[in-house]
Amino acid sequence: MNIVDISYIEELSMLRLNDQEKAIIKAQLDEILSSEGMVSLATLDTTGVAECVQPLDRINDFRDDELLPPFPQELILQNAKEHSADMFIAPRTVGD
């Protein structure tokens, strides 16, 4: 594991690490990857084993869209801290 690998992992995970944190992560990953379990995995014969990108056979297993009637407006507005007629009233979040 080198710093380029750590920078790539940092990018993929959308983290911002300083040099000290990168060094710590590198040491931890080096320890993990050199552990007995990981070393024994490297000795396995994977000839003829198909690459597995998705561990499950199900891909995009979504339910069909179903059109349902909307909730009554009065029911929705009763949960609002403040409302006026048919609208929510929320605190201002943007400056003048």
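The values are calculated or read from the model by the stated rules, or taken from the named source; none is laboratory data. None of these values were measured; they are calculated from a predicted model. We place every Cβ from the backbone using ideal geometry, glycine too, and count neighbours over all the protein chains shown.
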So residue 77, is it hydrophobic (A, V, I, L, M, F, W, C), touching a His at 6+ places or on another chain (Cβ under 7 Å) and free of Cβ contacts under 8 Å to residues at least 60 places away in the same chain: yes
Some residue of region 62-69 being hydrophobic (A, V, I, L, M, F, W, C) and modelled with pLDDT under 90: yes
Members of region 32-83 that are over 30 Å from residue 2 (Cβ atoms) and surrounded by 10 or more Cβ atoms within 10 Å (Cβ to Cβ): 73, 76, 77, 80, 82, 83
